[in-house]
Amino acid sequence: MDMKFSFLSKTPGEIQLLIAERVAEIRRRRGLSPQTLSRKSGVSLEAVQRFEQSGEITLLSLIKIATALNMNDELEHLFEDVPPLSIEEEQARAIASEIRECVYDMLSEYMTAV
């Protein structure tokens with residue numbers, strides 16, 4: 001099975017099914033049954049089966065399953081280094097950072113004076 005796919009032309013429902021298929025394929029490659037994955041991850045067997053069939057799962061359960069499948073590196077890099085969509089987004093981030101710093105400084109000065 002080809003494990004590569006593009007999210008560009010997919011609906012959120014299609015994406016969740018593709019992710020479920022990918023995780024199920026990894027489980028099979030690791031030689032694990034759904035029951036064994038359930039036991040290793042602490043996620044109920046019903047939740048594992050529902051996920052593999054429909055893609056529906058809580059984020060916490062998905063993290064537990066990924067951890068049980070030794071996919072910690074993939075989790076760690078999820079959404080890491082997401083570039084700004086535009087110059088405006090980067091400017092807004094910089095402005096928000098400056099505002100937070102100013103508010104922090106003002107609160108520090110106030111707390112020192114009190």
Name the one entry in Gly55, Gly31, Gly42 that is on the phi > 0 side of the Ramachandran plot and surrounded by 14 or more Cβ atoms within 10 Å (Cβ to Cβ).
-> Gly55
Residue count for region 99-114, restricted to those that are of a type outside the set (A, V, I, L, M) and either exposed (fewer than 10 other Cβ atoms within 10 Å of the Cβ) or in contact (Cβ under 8 Å) with a residue 40 or more places away in the chain (or both) | 2
State whether the residues of region 13-26 include one that is surrounded by 12 or more Cβ atoms within 10 Å (Cβ to Cβ) and over 18 Å from the mean Cα position of the chain (by Cα).
-> yes
Boolean, Glu74 is among the charged types (D, E, K, R), assigned by TED's automatic domain parsing to the domain that holds Glu14, part of a helix (DSSP H, G or I) and under 23 Å from Gly13 (Cβ atoms) | yes
Mind counting the residues in region 33-57 that are outside any helix (DSSP H, G or I) and not hydrophobic (A, V, I, L, M, F, W, C)?
-> 5
Within region 58-83, considering residues that are of a type in the set (D, E, K, R) and closer than 16 Å to Ala20 by Cβ, the one surrounded by the most Cβ atoms within 10 Å (Cβ to Cβ) = Lys64
How do the pairs read when you match residues in region 33-46 that are in the same structural domain as Lys64 (by TED's automatic domain parsing) with residues anywhere that are surrounded by 14 or more Cβ atoms within 10 Å (Cβ to Cβ) and among the β-branched types (Val, Ile, Thr), using Cβ under 6 Å and keeping only pairs 6 or more apart or on different chains?
-> Pro34/Val48; Leu37/Val48; Ser38/Val48; Ser41/Ile65; Val43/Ile65
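The values are calculated or read from the model by the stated rules, or taken from the named source; none is laboratory data. Given the structure is predicted, the values throughout are model-derived calculations rather than measurements. Counting neighbours? That spans all protein chains shown, and the Cβs are built from the backbone with ideal geometry, glycine included.
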